[in-house]
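For reference, the structure discussed in these notes is given below.
Any read-out appearing in this document is the output of simple, stated calculations on the displayed coordinates, not a laboratory observation. Given the structure is predicted, the values throughout are model-derived calculations rather than measurements. So basically every Cβ, Gly included, is an ideal-geometry build from the backbone, and we count neighbours across all protein chains shown.
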Amino acid sequence: MTMAPEEPKVEVPEGYVKLTIDGEEVIAPKGELLIRTAERLGTVIPRFCDHPLLDPAGACRQCLVEVEMNGRPMPKPQASCTMTVADGMVVKTQRTSPVADKAQQGVMELLLINHPLDCPICDKGGECPLQNQAMAHGRADSRFRDTKRTFPKPLPISTQVLLDRERCVLCQRCTRFSDQIAGDPFIDLLERGAHQQIGTAETAEIYDAASHTASGKPFQSYFSGNTIQICPVGALTSAQYRFRSRPFDLVSSPSVCEHCSSGCAERTDFRRGKVMRKLAGEDPEVNEEWICDKGRFAFRYATAAQRLRTPLVRNAETGELEEASWTQALAAAADGLAKARDGKGVGVLPGGRLTLEDAYAYSKFARLALRTNDIDYRARAHSAEELDFLASRVVGTTPETGVTFTALEHAPLVLCVAFEPEEEAPAVFLRLRKGARKRRTKVVHIGQWTTPAVSKTFGELLACVPGGEASAVEGIAQHAPDLDEALRAEGAVVLVGERAAEVPGLFSALHRLSERTGARLAWIPRRAGERGAIEVGALPTLLPGGRSVEDAAARSEVEQVWGLEAGALPGTPGRDVTGMLNALVTRDLDGLLVGGVDPADLPDPALARKALAAASFVVSLEMLPSEVTEHADVVLPIAPVDEKAGSFLNWEGRRREFSITLEGTGALPDCRVLDTLGVEMDADLFTQTPAAAAGDLARLAPKPTGSAAAPDVPNGHVPKAGDGQAVLATWRQLIDEGTLQIDEPHLAGTARPVVARMSKASAAGLGRRVTVSTERGSVTLPLEVADLPDGVVWLPANSPGSKVRATLGAGHGAVVTIAAGGDQ
Amino acid sequence: MAVESAGASVAERVRAVVEAHRDERGALLPILHGIQAEFGYIDPEVVPILAAELNLSRADVHGVVTFYSDFRSEPAGAATVRLCRAEACQSVGAEKLVADAEQVFGVKLGQTTPDGSVTLQQVFCLGNCALGPAAQINGRMYGRLDRTRLVEILAKGAEA
Amino acid sequence: MSADPITPVLTKRWLSPQSWRLSTYEKLEGYTAIRKALAGTPEQLVQLVKDAGLRGRGGAGFPAGVKWSFMPPNEDKPHYLVINADEGEPGTCKDIPLMMADPHSLIEGCVIAAYAMRSHHCFIYVRGEALHCIRRLNAAVREAYEAGYLGKNILGSGFDLDITVHAGAGAYICGEETALLDSLEGRRGQPRLKPPFPAAAGLYAAPTTVNNVETIASVPFIVNGGADWFRQMGSEKSPGPKIFSISGHVERPGQYEAPLGTTLRELLELCGGMKDGIPLKFWTPGGSSTPLFTAEHLDVPLDFEGAAEAGSMLGTTAVQVFNETVSVPWAVMKWTQFYEHESCGKCTPCREGTYWLAQILERMVAGRGTEEDIDTLLDVCDNILGRSFCALGDGAVSPITSGIKYFRDEFLALCEDNRAKQELVGAQA
């Protein structure tokens, strides 16, 4: 008997179905949309309204295909973007079905009848799905002989986003994004039928500042730029990029956002040595396909007129900074630093915006060239408790061992403590909202008022007095048993932000909560360089890889890798930022090496100024002049992210590497400058390039965590306000007066209103404006009522007219004086 | 501020309309009908107040107002005449009635007479096809209309 | 009860004095079916309506009992019954007269249907233009509450039902059931993606059934008369009585009740024939969304199958009759303008297609058309039919394709006039 060759039987796994597309059998997961299954097979069905991250709409009808079910052809072509796969389905796309092909051509022709022929002046020209599909599938000539629908040309829907209604094909990607993803339905469909258009209720009012504070939802969004990127035509454009370039003139480079600690993937487009725009890159693990407007639009700081491009050395006689050659400047810096080191010593303030490689160079420079542990990157409020927390709970965690974006999306419960996700890490906010929308993640916020992020994550607020967060966390078991129970569920997560360093006992309380309930705990700092700086030991207590400076074995490991004599590394913890500043003032420290640090960001800006003035020698590595420059003896210009390679560690501990975008500008990364400076001081850092620095760092594999002692600090007393006083709640808004947002007025126009907030009872009698003061100074802002606890006032930390640290010298949890601010 | 002083009473009246529908779900349409009954039209100024009261975005409210042809954004005349122009009425003289009405009142469909006495509108079918040409005048249905009857009805309405 | 085809059922009370009053209704068998229905089980009612073969009177003709049976048997979420009284199909005037003349038959039907579907809240979505009808319905609902036919524990049965009369605001698309639901929720009335179907996730994502006025008003008669009695009227697949609204060039336009399957020839007899004896040119069997018929079709049985076999649809049985004085291209242009005005804008084919079609037709009627335009019209129609999101687009092209099918000469004549004019201009130059 001969064996007939058997038809190979395709096994259909559980949860999958088998169907046929254009004659080819395919296995697809249940619930998959036809348009995606076809795409996996290599057949791209044209589409406009479909977007994989938006709910299906079926509105444009461009993706019609023929479908047969149970041997019966469906009478009409079906939209492949709304139909899910089914067992035994037979699908014919435009490749094999004349019906589908004609249907698609017909829709394309209809889309074009009212579309203007202004491709030559349209920003989208050259990268336009409508243009591309019309060229690929459309008719050569239009049969339309009548009158096109016209609208007045572009309509601003925010200071940044312009809408050209003539070009719009009403796919509703922008409105669906705003409504579903961002939760900011500031644009919507208006009118009906052929008159239907996208718009806001009253476009002109965008320029009316009053409308931002009036009742009703303001129509600005931190995510508006995404609508421009996903617009399949040139209907939405940005004021920043409009008419500035053509896609075919641009060179694209994958990049990583340098603003917050999310580490969003981006694409940077440049032309002739100048960045023209930034777009969201795709990374399903991190930012999916979205970025915030700060990440998209805030990059002009690198081309600011005041950018430092030449080394400066202070002339001892005139006291003025003068341009110098690199050789002169490095020699002067090395000389001054060596003297100060050999005197009372040099402290290092690298700042929180460095790449991993640059931060590593600072860490190594401090230990090798300056022989000190006096290094602390934390240019913000900080505490010793935080150091313990970072050493015991943060350093060394990776996406494999710690909390991730994906874990947030799938968590049954996320508790946010002293963390304002939309303002501090927008990509985290989007993921929380996605989890809450799609998977019913319950989001609870311990904060002061129902911020937009609380509402938009469908969250619950547990309000407490600022500074009372630790007590609130301790009280969960007793006062919120439901939450306590929910925290015990598999996958529950607690997120804490940088503000926790201002609340004594909070890190300790969170550690205990996590131990008690099993909820995973993640720290989400605000700046891109923070997580990396911890890993490389830019802290007074840690060496690279989470090694404690007090651990002799750990020190000796580092000494070996760095080629040092045994015992060369100092074994006592260094001073933290405030310790160094105090030491400078008391002359217990002579010199200071400063990275990108703004004294106004430090817990006590007045102390910082005093310290800078008192220091005998200051070296500043900077990109833009700052208050540090005024006190610097040597200023060494360094490169912005676009002009160097490197990597950030995002809050997950995920390495986000990027290569250089703009080559040959001559700007040097910090690691290179420090390497050369080290050579001048007889210390070999081996950090000539970011790659070299990374290679050197790699030799210091992270030491498993768990050895460091957990923070154990008792709760501070909950601040209490007396008559005429309030407890200050404050944090930064995403779009504010941050240095990296300079030279971008269109972005600044989309900032949230700068207002103070108080409870109705506390605001009574204060009138329309409130003055918040300390002995240092006062801030007067329009007053809005919100659901804060009584006796609390909220101020934006770093916005126009509200520079809390710089003006009040106070922070979150401080007791401040309150008075009517006049009606102005 | 002018908007504020004028807005105070407007806002109160709007809130009163909203309040009457507070217990109903999805009450935007009944509320808009109520606003139009209260003010005669839906002033764009009302949109932000409604948005705030109903926790909707302004764009959302504006989108609903502009979707439905019954909602006016400008005041209508003292009398509103909605002439049916659907085929059944057209076959029995609706087009002549429209022309007559436009001539009598000196305005086109969709317009209001300069003295604010009459607004002419068109409507597609009032469900009174058997008695065409039909019109709705100030919410009441009239059939078998011609120029004379139309003028009579409006004159009577003015006396009453 | 006998089933003489001429004996009216649905309209039997319409000519009684103050037919809309509760007292009149009660005198004429009103609210007798409700007692029988509430004494039985919901399942029995669904089976009864299935057995009677009642098909939806809103146009699509879906079997009402089957639709009801899609509602989940549990009550995890509230169930809603929504009455589609957004009668806006041009030429259709059956539901509004029904609600004007006999509102309680609808209310009684609502109670029975709601009971059958375990719903305790019913919305009647009435077309915004029909203010008179909204007033009357509201008055009738008040009367029914006062008499204990609505509200808590109806007639001691333990069954509760509230009815809300909801006014639309001028949007034809809201006659589409999912657009109607969005409108009821206070949104722009644009159709929703299906699935999920309303029975799974309708109003406020809860199980919902949307039924036409005439469908529900038929239910009390079925409960009283039984399925067999109902099936004696009409045809095998389309049983029961139907209100035909006859308008246009006939002697006595109006609502005429007749069994499904009645022909236009028979209907014309009922309404006194063609007005002034001018011969019939074309007609719609069920509103302007249904392809035109001509004098050839006088004997087509007007039921779901008969109309479809002859190339049209039963639709809303809005019979619009036009005589030889009416230009087909002109009538088609008028209808197209209506659809352009009422397209909701959601999908490309309907929004852009109706915009284009209206412009071509306006140009043709103004004497500036070409033969090529006729081909373009047909091809654009082909690109809309079956390609749009909902049935509005399909309806919009019906008058055009059928108009050209039967009266191409009239369209051609407009083009020839155009050519003649152009030649004249050329000669003068």
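Considering only C-alpha atoms, what is the centroid distance from segment C:210-279 to segment A:692-751, in Å? Result: 76 Å between the Cα centres. Short-range pairs are left out: with C-alpha atoms under 8 Å and at least six residues apart, the relative contact order of chain A is 13 percent.
Under the simplified labelling scheme, the C:K405-A:A552 pair shows an inter-label distance of 9.9 nm, with each label point 7 Å from Cα along Cα→Cβ.
Taking every pair of alpha-carbon atoms in segment A:16-111, give the share separated by more than 24 Å as a whole percent.
Working: 555 of 4560 pairs.
Value for segment A:16-111 (Cα pairs over 24 Å): 12 percent.
Residue by residue along B:50-56, Cβ atoms of other protein chains within 10 Å of the local Cβ number 3 on average. List the lysines whose alpha-carbon lies under 28 Å from that of C:K67, not counting same-chain residues fewer than 8 positions away? List returned: A:K30, A:K76, C:K12, C:K36, C:K50, C:K77, C:K94, C:K152, C:K194, C:K237, C:K242, C:K346.
Peptides B:35-48, C:50-63, A:374-387 ranked from most to least packed give A:374-387, C:50-63, B:35-48, packing being the mean of other C-beta atoms within 10 angstrom over each peptide's residues. Backbone amide hydrogens, once placed in the peptide plane, bring A:R575 within less than 5 Å of A:D374, A:I375, excluding anything fewer than 5 places away on its chain.
When Lys and Arg each count +1 and Asp and Glu each count -1, what net charge do the other residues less than 12 Å away from C:I163, Cβ to Cβ, add up to?
Net local charge, C:I163 excluded: -3.
Placing unit charges on the Cβ atoms of the charged side chains and taking the dipole of the protein assembly as shown about its Cα centre, the candidate lying farthest along the positive direction among C:P198, A:L190, C:Q320 is C:Q320.
To the nearest 20 debye, what is the magnitude of the charge dipole of the protein assembly as shown about its Cα centre, counting +1 on the Cβ of each Lys and Arg and -1 on the Cβ of each Asp and Glu?
1460 debye
Among bridges DSSP assigns within segment C:22-232, what percent are antiparallel (round to 5)? Write down the numbers at each step before the final one.
Details: 2 of 19 bridges.
Of those bridges, close to 10 percent are antiparallel.
Find out how many positive minus negative residues lie around C:Y25, taking Lys and Arg as positive, Asp and Glu as negative, among other residues whose Cβ is under 12 Å from that of C:Y25. Write out the running numbers ahead of the final one.
Details: positive: C:K12, C:R13, C:R21, C:K27; negative: C:E26, C:E29, C:D102, C:E108, C:E143.
Local net charge: -1.
Taking amide H as placed 1.01 Å from N in the peptide plane, A:G505 has its amide H under 5 Å from the amide H of A:G716, each at least 5 places away in sequence or on another chain.
Using a/c under 1.5 as the rounded threshold, could you call segment C:22-232 rounded, prolate or oblate? The axes a ≥ b ≥ c are square roots of the C-alpha gyration tensor eigenvalues, and prolate needs a/b larger than b/c, oblate otherwise. Since a/c stays below 1.5, the shape of segment C:22-232 is classed as rounded. Here's the list of lysines a cross-link from B:K108 could span, going by alpha-carbon distance under 16 Å and ignoring same-chain residues fewer than 8 apart: B:K96. Computed from backbone phi, the HN-Hα couplings of segment A:432-444 come to 4, 5, 4, x, 5, 6, 9, 10, 6, 4, 8, 10, 10 Hz, rounded to whole numbers (Karplus: 6.51 cos²θ - 1.76 cosθ + 1.60, θ = phi - 60°; Gly and Pro given as x). Summarising the amide proton neighbourhood of B:A79: residues at separation of 5 or more, or on other chains, whose placed amide H is nearer than 5 Å comprise B:V118, B:T119.
Among bridges DSSP assigns within segment A:725-820, what percent are antiparallel (round to 5)?
Details: 16 of 24 bridges.
Of all bridge pairs located within segment A:725-820, approximately 65 percent are antiparallel.
Rounded to the nearest whole Hz, the Karplus-based 3J(HN,Hα) values (6.51 cos²θ - 1.76 cosθ + 1.60, θ = phi - 60°) of segment A:587-596 follow the sequence 6, 8, 9, 9, x, 9, 10, 10, x, x, with x at glycine and proline.
Summarise the partner chain shielding of B:66-75 as one whole number: the mean count of Cβ atoms from other chains within 10 Å of each residue's Cβ. Don't skip to the answer; put the middle values down first.
Working: counts 11, 18, 10, 9, 9, 3, 0, 0, 0, 0.
Averaged over the peptide's residues, the number is 6.
Neighbour counts of C-beta atoms inside 10 Å place C:W283, C:W229 in the sequence C:W229, C:W283, starting with the fewest.
Relative contact order of segment C:328-427, please, whole-number percent, based on alpha carbon pairs below 8 angstrom and at least 6 residues apart. Mind dumping the intermediate values first?
Details: 108 pairs, mean separation 35.0, N = 100.
Relative contact order, segment C:328-427: 35 percent.
Counting every other Cβ atom within 10 Å of each residue's Cβ, A:R440, A:R246 order from fewest to most as A:R440, A:R246. The 3J(HN,Hα) values that the Karplus relation (6.51, -1.76, 1.60; θ = phi - 60°) gives for segment A:300-315 are, in residue order, 6, 4, 6, 10, 4, 4, 7, 4, 6, 10, 10, x, 10, 10, 6, 6 Hz. Gly and Pro appear as x.
From the alpha carbon centroid of segment C:93-123 to that of segment C:49-77 is 15 Å. Distance between the 7 Å Cα→Cβ label points at A:R143 and A:S773: 7.8 nm.
A cut-off under 12 angstrom between Cβ atoms defines the neighbours of A:A509, and their net charge, with Lys, Arg +1 and Asp, Glu -1, is -3. Mean partner shielding of peptide B:80-92, defined as the number of other chain Cβ atoms within 10 Å of each residue Cβ, is 6.
Treat each spin label as a single point 7 Å out from the Cα along the C-beta direction, and report the A:E24 to A:T327 distance in nm. It works out to 6.4 nm between the two label points.
Let me have the 222 nm mean residue ellipticity of chain A computed from DSSP H runs of 4+ only, each contributing -39500 (n - 2.57), with the sum over all residues rounded to the nearest 500. Could the numbers behind the result be given before it?
Values: 28 runs with 219 residues, N = 824.
Here the helix-only value at 222 nm equals -7000 deg cm²/dmol.
Between A:K720 and A:Q478, what is the FRET efficiency for a Förster distance of 25 Å, r being their Cβ-Cβ separation, to the nearest 0.05? Display every interim value, and only then the final one.
On the way: r = 21 Å, r/R0 = 0.84.
The calculated FRET efficiency here is 0.75.
Taking other C-beta atoms within 10 Å as the exposure proxy, C:D102, C:D299 rank C:D299, C:D102 from fewest upward.
Let me spell out the model: positive unit charges on the Cβ of Lys and Arg, negative unit charges on the Cβ of Asp and Glu, origin at the Cα centre of chain A. What dipole size does that give, in debye rounded to 20? Write out the running numbers ahead of the final one.
Values: 90 positive and 108 negative charges, 430 e Å.
Charge dipole of chain A: 2060 debye, to the nearest 20.
Taking the centroid of alpha carbons for each part, segment A:382-419 and segment C:147-170 are 55 Å apart. Does anything in segment A:95-124 have its amide N under 15 Å from the 7 Å Cα→Cβ label point of A:V44, and if so which residues? Of the residues in segment A:95-124, A:95 have backbone N under 15 Å from the label point off A:V44.
Before anything else, pin down the relative contact order of chain C: Cα pairs under 8 Å, at least 6 apart, normalised by residue count, whole percent. The normalised contact order for chain C reaches 16 percent.
Bridges between two residues of segment A:530-650, per DSSP, are antiparallel at a rate of about 20%.
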